[in-house]
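Working notes, beginning with the structure itself.
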Amino acid sequence: MPGSTVTDEVELIGTGKGGGSSGDDGSFGGGGDDWKGPSGSARVPQRAYVTGMTIALAGILMFFMALVSAYIVRKGMPNSAWVPFNVPRILWLNTLILIASSFTLARSRSRFLANDSEGFRHWWGVTTILGIFFLAGQVIAWRQLAAAGLFLSTNPASSFFYVFTAAHGLHLLGGVLALLFIAFRPTHRLTKGTATEVVSMYWHFMDGLWVFLFLLLLLGR
Amino acid sequence: MSSHAHTGHAVVVEPSGFIRKYIFSIDHKVIGIQYFLLALTAVCVGIVLSLLMRFHLVYPGAHLPFVSGGIMTPEQYLALVTMHGTIMVFFVLTTAPQGGFGNYFLPIQIGAPDMAFPRLNMLSFWVTFLAFVAIIAAFVVPGGAPISGWTGYTPLSGMGEVTGPGEGMGQTLWIVSISLFCLASLLGALNFIATTIDLRAPGMTLFRMPLTVWGWFVTAILGLLAFGVLLAGGILLLLDRSAGTSFFLPAGLVVNDQLQPHSGGSPLLWQHLFWFFGHPEVYIAILPGMGVASHVLSTFSRKPVFGYRAMAMALCAIGFLGFMVWGHHMFLSGMSPYSGFAFSVLTMSIGVPSAIKTFNWIGTLWGGKIQFKSPMLFALGFVSLFVSGGLSGLFLAQPAVDNMLHATYYVVAHFHLVMGVAAIFGIFSATYFWFPKMFGRMMSEPLAKVHFWITFAGAYCIFMPMHFIGIAGGIRRYADATGTNYAAALQPVHVFMTYAAFITGAAQLIFLFNFFWSLKHGAVAGKNPWNATTLEWITDSPPPIDNFGGDYPSVYRGPYEFSVPGYRQDFIPQNLTPEQAALLK
Ligand code: HEM
Ligand SMILES: [Cu+2]
């Protein structure tokens with residue numbers, strides 16, 4: 001997938017002077033000189049954004065895995081005061097919505113690659129709305145818990161529930177903002193192909209992460 | 001090469017306003033200098049704090065005008081310990097080598113115009129700056145600075161004011177500061193990695209990168225994987241303090257006769273999260289220094305780095321193993337002897353890549369035409385300190401020995417030599433080496449030599465005796481070393497170390513003077529004062545806004561082609577084509 005989009009916008013990047021990749025033995029970046037414009041102007045190659053997102057996701061994964069290991073350790077404490085509870089039912093719906101949004105986003109991107117900007121905008125919008133529904137659903141879940149008397153500090157099980165959902169929710173909110181941003185503003189440094197690719201990577205990751213956290217909260221309680 | 005240099009076609013235009021140019025700049029060189037100056041400020045604060053501690057240990061009853069109450073209390077002493085450690089580890093050793101020199105030189109050394117994401121780079125710096133403001137603010141809030149050490153151990157750090165004066169607002173600010181720092185470092189790490197992967201010049205393959213770049217690259221990967229974990233811990237700790245949760249706080253805790261309202265949390269969980277970050281963090285502090293030492297030793301021995309690939313792979317191995325040894329800080333936490341054994345063996349295995357590096361540094365020097373210039377002296381000092389400090393690590397790595405030495409001055413001696421002073425020597429080496437490139441002028445060589453010898457001798461005088469105090473049972477973090485007979489008997493050693501500390505501290509004024517004086521009055525440096533080979537030396541000093549004036553280099557050879565047989569010139573820059581190089585035969 002990475003790379004396929006870059007070729008769409010090759011004119012935009014400007015290949016500049018040649019120089020070739022001069023025998024690059026096993027290098028996975030050096031040798032590419034497409035970031036140099038004709039007059040030596042600097043332009044970040046589009047693949048750097050894809051690399052950057054991959055790296056960011058690795059960092060985010062470590063953050064969440066730290067929380068998950070804390071969950072496991074804390075739950076295993078003797079006298080942990082852990083009181084398991086049934087997750088609000090609406091989480092099932094939210095999960096379905098988020099999974100669906102991944103499909104609509106994939107659809108949107110394939111429309112983009114097929115140069116169908118109408119279809120692209122349509123499915124992009126659907127994804128955004130599904131994302132907002134998910135976030136609203138999470139807030140409803142919090143309110144239901146609160147109504148049942150379960151707050152952040154009630155017991156470690158509820159504490160972790162709020163921590164996980166809030167941390168994931170904030171990340172997903174960032175994803176929704178990115179979706180909106182790309183829908184409404186032309187990006188001048190990233191080409192649209194890269195922007196949609198990078199946001200898709202992020203979104204699918206957040207989707208998968210949520211499914212994992214949901215299963216953890218559901219089965220690991 | 002393109003002949004378009006300086007024709008004005010370049011899209012990179014230098015911003016004209018002062019604010020865009022020097023404050024909210026997106027130029028990695030300006031940001032690098034900003035990081036460096038931040039670290040310089042921080043190190044001055046850190047040194048003053050350490051001298052206050054040394055003074056107190058020798059004159060515990062002295063009246064100090066700036067201490068509320070006149071005589072320093074144990075809590076105030078602990079606040080000094082905490083702030084000194086935090087400021088030094090985070091805002092000096094993590095900030096200067098990576099944020100400072102890495103930012104400035106990584107793009108230039110790989111032939112790039114800037115970092116991959118310049119705006120993100122600016123954001124990293126300003127978030128780091130905010131973190132620094134937050135930690136300094138801890139001095140002035142009610143209750144003062146926190147007292148739980150640079151490791152912020154729970155439950156002390158999680159309970160609030162009941163556990164001590166600095167544990168209110170001060171500790172909260174500490175956590176906020178560290179969390180911001182984590183965030184900034186994550187953004188920085190992302191930028192460093194993406195830049196190294198995607199912005200290398202044509203021909204700059206991985207194994208043609210200078211070892212400095214390898215150092216920053218591996219450091220960035222460690223940062224990416226470690227800082228998120230501490231961030232997670234910081235958030236949970238903040239919730240424990242302010243939202244009434246019990247992640248780290250156990251039930252039934254009685255503090256100052258008050259039963260605390262927490263339930264079932266695990267203080268050791270914090271230690272695990274902290275040290276999972278903390279051990280990689282010590283390598284984050286030292287790996288850039290290793291890169292600089294390799295680079296400088298090669299340049300001033302006029303010899304290629306001995307075993308270049310082994311050096312690069314050893315950096316990777318150290319980084320990789322560094323994630324599996326955090327338990328060696330917790331041998332005494334009641335862990336199972338089997339885990340203790342595993343952590344012990346893994347820890348000692350880091351000795352292997354460390355020994356490879358040391359061996360190759362010596363191999364680089366062997367038979368070289370050694371020039372004892374100031375960067376070289378500090379690089380040699382780095383190697384010396386790294387070895388002296390690293391060896392004590394092998395003792396500490398054995399649970400049975402650590403039983404006795406844990407939480408004594410022996411540990412303090414170990415980590416100050418191997419991390420504190422060695423990394424500082426890496427920073428000094430880098431400063432003397434690259435100052436001409438950054439500011440276009442040379443620093444004074446005689447002053448630098450005086451600075452080196454006092455600092456080198458001073459560092460050993462301060463930290464070597466600490467081993468003996470530790471072996472004799474001197475406990476770290478105690479405000480008064482004379483409380484028991486056996487400890488009081490060691491007081492003359494403390495006196496000696498305090499004198500050494502004050503002299504060494506004063507010698508740093510020579511460096512500060514040299515630095516600022518040379519900015520204006522140093523001899524003009526020219527492009528390549530050290531006859532070095534890597535790409536930063538083919539451009540102007542200081543480099544133009546886009547680093548190469550539009551004339552971007554291609555790379556045709558490895559980074560350390562010194563004294564190649566058959567050539568008249570004893571160095572061949574990386575960008576010389578085979579034809580150009582042939583003219584030097
Ligand atoms: C082969 C090399 C090394 C070994 C075997 C080793 C082993 C250890 C062990 C076992 C401890 C725990 C002692 C205790 O608390 O009881 C320790 C502490 C420490 N080490 Fe090392 N170490 C090595 C190299 C390094 C390096 C290269 C650095 C930094 C650049 C470093 C920095 C530290 C720090 C900062 C602490 C103390 C942290 C604290 O308690 O505040 N060590 N080391
Ligand atoms: Cu360690």
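The values are calculated or read from the model by the stated rules, or taken from the named source; none is laboratory data. Here the structure is a predicted model, which means the values were calculated and not measured. Note: ideal-geometry Cβ built from the backbone for every residue, glycine included; neighbour counts use all protein chains shown. We work out accessible area using only protein heavy atoms, side chains counted, and drop any ligands, DNA or RNA first. Shrake-Rupley method; radii C 1.70, N 1.55, O 1.52, S 1.80 Å.
Just to be sure, is B:Gly278 within 14 Å of chain A (Cβ to nearest Cβ) and more than 16 Å from ligand 2 (Cβ to nearest atom)? It is false that B:Gly278 is within 14 Å of chain A (Cβ to nearest Cβ) and more than 16 Å from ligand 2 (Cβ to nearest atom). One residue alone among B:Thr347, B:Thr364 is crowded, with 21+ Cβ neighbours inside 10 Å, among the β-branched types (Val, Ile, Thr) and within 16 Å of ligand 2 (Cβ to nearest atom), and that residue is B:Thr347.
Residue selection: B:Ala488 fails the criterion of being open to solvent by less than 40 Å² (accessible area, probe 1.4 Å) and touching a residue at least 12 places away in the same chain (Cβ under 8 Å). Applying the condition of being in a helix (DSSP H, G or I) and in contact with a Phe, Trp or Tyr (Cβ under 8 Å, 6 or more places away or on another chain) to the range B:460-474 and asking which residue is most open to solvent (accessible area, probe 1.4 Å) yields B:Ile471. Restricting attention to the range B:243-269, the residues that are part of a loop (DSSP other than H, G, I, E, B), within 36 Å of the chain's Cα centre (by Cα), facing chain A (nearest Cβ under 8 Å) and not hydroxyl-bearing (Ser, Thr, Tyr) total 4. Scanning the range B:409-435 for residues that are more than 10 Å from ligand 1 (Cβ to nearest atom) and farther than 18 Å from B:Phe452 by Cα, which turns out most open to solvent (accessible area, probe 1.4 Å)? Result: B:Tyr409.
Every residue, every condition in (1) over 18 Å from B:Ser177 (Cβ atoms); (2) over 18 Å from the mean Cα position of the chain (by Cα), yes or no:
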{"position": "B:His63", "(1), (2)": "yes, yes"}
{"position": "B:Phe66", "(1), (2)": "yes, yes"}
{"position": "B:Ala79", "(1), (2)": "no, yes"}
{"position": "B:Val89", "(1), (2)": "no, no"}
{"position": "B:Gly100", "(1), (2)": "yes, no"}
{"position": "B:Ile108", "(1), (2)": "yes, yes"}
{"position": "B:Met115", "(1), (2)": "yes, yes"}
{"position": "B:Pro118", "(1), (2)": "yes, yes"}
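Count of the range A:44-80 residues, restricted to those that are farther than 30 Å from B:Asn121 by Cβ and surrounded by fewer than 22 Cβ atoms within 10 Å (Cβ to Cβ), is 10. Selection over the range B:481-511 of residues that are under 30 Å from B:Ala430 (Cβ atoms) and among the polar types (S, T, N, Q) gives a count of 3. For the subset of the range B:327-341 comprising residues that are assigned to a helix (DSSP H, G or I) and within 11 Å of ligand 1 (Cβ to nearest atom), which member is most open to solvent (accessible area, probe 1.4 Å)? Among those residues, the one meeting the criterion is B:Leu332. Scanning the range B:72-118 for residues that are assigned to a loop (DSSP other than H, G, I, E, B) and within 20 Å of B:Glu167 (Cα to Cα) yields a count of 2.
A count restricted to the range B:281-305 and to residues that are within 11 Å of ligand 2 (Cβ to nearest atom), open to solvent by 10 Å² or more (accessible area, probe 1.4 Å) and in contact with a Ser or Thr (Cβ under 9 Å, 6 or more places away or on another chain) stands at 1. When B:Tyr59 is tested against (1) open to solvent by less than 40 Å² (accessible area, probe 1.4 Å); (2) over 30 Å from B:Phe217 (Cα atoms); (3) free of Cβ contacts under 8 Å to residues at least 60 places away in the same chain, exactly one condition is not met: (1). Restricting to the range B:259-274, count the residues that are open to solvent by 20 Å² or more (accessible area, probe 1.4 Å) and touching a helix residue (DSSP H, G or I) at 6+ places or on another chain (Cβ under 6 Å). Qualifying residue count for the region: 1. Note on the range B:291-313: among residues that are assigned to a helix (DSSP H, G or I), under 22 Å from B:Thr431 (Cα atoms) and of a type outside the set (S, T, N, Q), the one that is farthest from the chain's Cα centre (by Cα) is B:Phe300.
All conditions but one from (1) crowded, with 24+ Cβ neighbours inside 10 Å; (2) within 19 Å of B:Thr245 (Cβ to Cβ) apply to B:Phe192; the one that does not is (2).
From the list B:Ser344, B:Ser384, B:Ser392, B:Ser349, the lone residue that is among the small types (Gly, Ala, Ser), within 16 Å of ligand 1 (Cβ to nearest atom) and touching a Leu at 6+ places or on another chain (Cβ under 7 Å) is B:Ser349. Confirm whether A:Ser153 is at negative phi and within 14 Å of another protein chain (Cβ to nearest Cβ). Here the answer is yes, as A:Ser153 does meet what is asked. The number of residues in the range B:562-579 being within 21 Å of B:Phe306 (Cβ to Cβ) and either of a type in the set (A, V, I, L, M) or crowded, with 19+ Cβ neighbours inside 10 Å (or both) comes to 6. For the range B:319-329, state whether one or more residues are at pLDDT 95 or above, on the phi < 0 side of the Ramachandran plot, away from ligand 2 (no atom under 14 Å from the Cβ) and of a type in the set (A, V, I, L, M). No, the conditions are met nowhere in the range B:319-329. Checked against the criterion of being within 13 Å of ligand 1 (Cβ to nearest atom), without any contact (Cβ under 8 Å) to a residue 40 or more places away in the chain, over 30 Å from A:Leu152 (Cα atoms) and among the small types (Gly, Ala, Ser), the range B:311-320 contains one or more residues that satisfy it.
If the condition is being open to solvent by 70 Å² or more (accessible area, probe 1.4 Å) and either among the basic types (Lys, Arg) or modelled with pLDDT of 95 or more (or both), then the range A:114-138 contributes A:Arg121, A:His122, A:Trp123, A:Ile129, A:Ile132, A:Phe133.
Counting residues in the range B:296-308 that are within 16 Å of ligand 1 (Cβ to nearest atom) and either within 18 Å of B:Ala532 (Cβ to Cβ) or without any contact (Cβ under 8 Å) to a residue 24 or more places away in the chain (or both) gives zero.
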